[in-house]
1. Kirkwood Rh over Cα pairs of segment 322-426 into Stokes-Einstein at 25 °C, 0.890 mPa s: D in µm²/s?
2. Looking only at Cα atoms, what is the convex hull volume of segment 178-225 per residue, in Å³?
3. Length gain on complete extension for the stretch PHE319 to ASP355, per 0.36 nm per residue less the alpha carbon to alpha carbon distance?
4. With a sphere of radius 14 Å drawn around the Cβ of GLY167, what net charge do the other residues whose Cβ falls strictly inside it have (Lys, Arg +1; Asp, Glu -1)?
5. What is the extension gain from GLU509 to GLU288, computed as 0.36 nm multiplied by their sequence separation minus the C-alpha to C-alpha distance, in nm to one decimal?
6. Over all directions, what mean area does the Cα convex hull of segment 424-492 project, stated in square nanometres?
7. Give a residue-ordered list of calculated ³J(HN,Hα) values for segment 443-451 (Karplus: 6.51 cos²θ - 1.76 cosθ + 1.60, θ = phi - 60°; whole Hz; x for Gly, Pro).
8. Quick one: in segment 144-282, what % of C-alpha pairs are over 21 Å apart?
Amino acid sequence: MTFAELVDRVASKGPFQFLHTVLLGLPILSMANHNLLQIFTAATPAHHCRPPPNASAGPWVLPMGPNEKPEPCLRFVYPPNASLPNDTQGATEPCLDGWTYDVSTRDSIVTEWDLVCNSNKLKEMAQSIFMAGILIGGLVLGDLSDRFGRKPILTCSYLLLAASGSGAAFSPTLPIYSVFRFLCGCGISGITLSTTILSVEWVSTRMRAIKSISLGYFYTSGQFILPGLAYAIPQWRWLQLTVSIPFFAFFLLSWWLPESIRWMILSGRSSKALKTFRQVAAFNGKKEEGEKLSLEEIKLNLQKEITLAKAKHSIADLFRTPILRRVTFCLSLAWFSTGFAYYSLAMGVEEFGVDLYVLQLIFGGVDVPAKFITMVSISYLGRHTTEAVVLLLAGSCILSLIFVPSDLLTLRTVLAVFGKGCLSSSFSCLFLYTSELYPTVIRQTGMGINNLWTRVGSMTAPLVKITGELKPFIPNVIFGTIALLGGSAALFLPETLNRPLPETVEDLENWSLQAKEPKQKPEAENASQRIPLQPCELGLGPN
């Protein structure tokens, strides 16, 4: 009996699954606020140079830009009406006395620390530092999760995000703010990794896709909540604090969550696993079925997995066999391209000239049909087909933005929204697909490495945006091309539709061999090629 069959028999359906999904999903809902928070806390309002102190005697006319608005980063050296030679009349200089901002709608870290003009790159750097925290968290917490369990790391990650998020709200300087945001990223990575593993353990094989997408809808709902919070709370410090406080409550609620059954069994904690099995069975109204389960039965049926767990595993095991090398390379490219392209669109809301709050609602709204279509597609068409299609479509949308004039705001917004929906679908598919492709003994390591690659992509995206200062089309060329490469790589992954989770590398290799076997010819085509069987061969005569 495999682990999946054991769960199906004892406790795969019931009120526990609903409560388990809610307890894992509520933090995911609030996590969306942190991932996209800088859209509002780092918004750049209209601004222009502050006149020099000696300009109080009369109005100081500012140089005008090509759009008939005041230049944001230049001012006249002398008042325009000053009696000066013609060659110095229109001389300009940088904003030596700071800037004046339009803070009628909200303030931000940009207005507080003057992250404009020559310092505008620091805003992108702050977002990259946050993504670097998610990257480092994936490396460190993934390994700790394998050693000490999924639940302790999840609980500590909730507390880390709550404390560091609250600390960022009281930061006096940009460097201190960046440090706290880095720690926020580490916490988010720990939450993501542990939630992904725990979410698929207590449901049947056929329900894994539905539960995975259900958790994705919690993240989507968070994208609807964030614009409302940002509109109601225009002060960036209070907004930062508001989205961080709930994680103190999640820290307390997480103590109710059970530890990973797989991890307990494979770590030699079979007695505790049996106790948890019986508790869940009783909660679901199957107490008698749970009582029938014995420690000897668990050890007997899962002896293969227990033996494998005693072997030492590392990152090198992800490249030990040809099938694992192919899976790791293709998944890494798909994860990188998804994170890389997703945050190029999600964090570029200001660039489309549409109201910030409305466009963020639209960006969140597109995830609703996108995730539903993804759920149907991965359940019927398969995982690797779905993943390849959505990434290829996303890359095509981003490249199309190069050829759409900047004054066609509606068309540009439609392409961006559709591309963002495709990339959101890619994330939903990849979280499930990756957990199904890697064998149990290296699943968390594989999830950690691939999570690392998507964070490398999301960390690099803000830096690539800076290349737009050279040529405006360069970022979209890079983002679109990488997305197309990721979609192409997904075509080389084996399908996992309706298959149990692989326990060993051999299970994965068998899938690959079965996929390469030629399909049987239709009945009519093979009829003429059959060799008649004798009665004894049919089991109807004497042997």
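The values are calculated or read from the model by the stated rules, or taken from the named source; none is laboratory data. Note that the structure is predicted; figures quoted are calculated from it, not measured. Reconstructed Cβ throughout: ideal geometry from the backbone, glycine too, with neighbour counts over all protein chains shown. Heavy atoms of the whole protein, side chains included, go into the accessibility calculation; ligands, DNA and RNA do not. Shrake-Rupley method; radii C 1.70, N 1.55, O 1.52, S 1.80 Å.
1. 169 µm²/s
2. Spelled out: Cα convex hull of segment 178-225, divided by residues, is 71 Å³.
3. Working: separation 36, 0.36 × 36 = 12.96 nm, distance 4.72 nm.
Computed gain between PHE319 and ASP355 is 8.2 nm.
4. Values: positive: ARG181, ARG237; negative: none.
Charge balance near GLY167 sits at +2.
5. Extending this stretch completely gives an extra 75.8 nm.
6. Quarter of the Cα hull surface area: 5.2 nm².
7. After applying 6.51 cos²θ - 1.76 cosθ + 1.60, I find 5, 5, 5, x, 4, x, 5, 6, 5 Hz.
8. On the way: 5024 of 9591 pairs.
So the pairs more than 21 Å apart make up 52 percent of the total in segment 144-282.
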